[in-house]
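Reviewing the structure listed below.
The numbers here are math on the coordinates, done by the rules we state, and not lab data. Predicted model only: the values in this text are computed from it and were never measured. Positions of Cβ are generated from backbone atoms using ideal geometry, with glycine treated the same way; all protein chains shown enter the neighbour counts.
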Amino acid sequence: MNLNQVTLPVKDMDESTGFYIQLGFIQIVDTPHYARFECPEGNATFSLSLDDADYSNGAVIYFEHEALDEWVTLIKSKGIEFKQDPTDESYLWREAVLLDPSGNKIKLYWAGENRLNPPWRVEKRLVKKLAKAKGKIMIKIHSKSTASKNIDSKNTASKIRASKNTKRTFIQMFTAIYAALILSSCVSWITPSVNSELIELQAGEYQLDSQHAALIFKIQHLGLSTYVGRFNQFDAQLNFDPKNMANASLNAVVDITSVDINNAELAETLQNDTWFDSERFPQASFTSHTVTVISDTTFNFTGDLTFRGVTKPATFKAMFHGGADNWMTGKYTIGFSAVGQIKRSDFGMDSYIPIVGDEIDLEVYAEFLDASK
């Protein structure tokens with residue numbers, strides 16, 4: 001038996017579907033009265049069913065993540081309000097509480113080992129009870145035998161009532177456990193399952209995720225220190241087939257005016273014709289032509305770098321860090337970094353050498369999203 005689906009009643013379908021999309025679920029069925037969502041990890045689904053009648057749903061849906069506080073902060077940034085901020089509870093869980101638009105209660109929590117193995121886990125309690133019961137079993141059997149002869153109708157009725165209460169408690173407990181187990185394969189979706197084997201990564205065309213990318217440059221200053229800056233605006237496309245890396249390609253464009261060195265006056269100076277000459281050459285670009293293997297995950301991308309109107313060959317050593325389905329974007333994502341070095345004098349920027357170094361180290365850290373989705 002496989003538990004993989006649960007349905008929640010909702011009062012407003014549009015508002016409710018928007019809420020769960022914001023939490024990162026993938027919608028796969030969309031009708032005016034019914035919606036179904038797929039969890040980004042695993043194969044479990046859950047659905048929303050429009051219910052105009054008044055109802056009170058006592059079920060609680062749990063989602064677990066180790067970085068609970070950061071997760072709550074992220075969700076709050078989307079305008080979603082919480083009934084309870086992350087709080088350490090007596091049952092050794094840290095949890096936050098919010099309601100979906102229809103009033104269904106959701107708990108975001110972190111329990112770690114205490115979810116499956118709390119100090120009061122049944123097996124542990126049974127061991128303790130058995131230890132205490134050692135040497136007393138025969139006495140209890142004798143007592144039970146004697147008492148059984150004196151059971152009257154009043155005791156029998158009490159047992160029947162207790163049995164009914166136990167049955168009702170069991171049904172309530174089973175309902176809660178059922179809902180939790182249905183979504184158990186969803187609780188790891190915040191932290192994606194990364195496949196680090198290059199050959200297992202998905203081939204295709206990828207677009208730079210500009211929100212998760214950095215282009216850094218480093219240059220020596222006075223022979224005493226390394227001056228570090230970055231470009232905040234750049235774009236790139238990667239054509240990638242792990243089974244045929246010789247045909248991989250990388251194209252990138254950098255907005256030179258987006259230089260960021262934490263010094264506005266110097267940043268403006270760097271735009272003049274002594275340095276970047278960005279009025280004439282507002283962009284730099286790189287287009288790869290060949291790819292050579294260094295290791296299972298590392299490759300040299302060699303191609304043409306155009307900077308200040310001059311084109312020269314350049315090589316970047318690139319490393320692929322793995323791939324995974326990204327719950328934040330709903331797209332398959334691969335991790336990528338690259339390093340390279342150029343001489344600025346090769347591109348006509350030769351002022352103040354060696355006071356300011358000639359060699360410029362370039363570093364790229366980025367995520368690329370599957371462009372086919």
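Note on segment 5-116: along the principal axes its Cα atoms extend 40, 31, 29 Å, ordered by decreasing extent.
Can you pull a Stokes-Einstein diffusion coefficient for segment 185-310 at 4 °C (1.567 mPa s), Rh from Kirkwood over Cα pairs, as a whole number of µm²/s? Answer from the Stokes-Einstein relation: 75 µm²/s.
Once the C-beta distance of residue 267 and residue 337 is scaled by a Förster radius of 22 Å, the resulting FRET efficiency is 0.30 to the nearest 0.05. Shown for 120, 110: other C-beta atoms within 10 Å of each C-beta, ranked fewest to most, produce the order 120, 110. Cβ crowding within 10 Å ranks 13, 349, 245 as 245, 13, 349, fewest other Cβ atoms first.
Measuring against 20 Å, Cα to Cα, the residue pairs 78/107; 105/331; 76/107; 11/78; 83/105; 76/331 contain 105/331; 11/78; 76/331 as the ones spanning a longer distance. Legend: calculated FRET efficiency, residue 30 to residue 56, from the Cβ-Cβ distance at R0 = 25 Å, rounded to 0.05, equals 0.40. Counting only residues at least eight positions apart within a chain, or on another chain, the aspartates and glutamates with an alpha carbon under 15 Å from that of residue 312 are 304, 346, 359.
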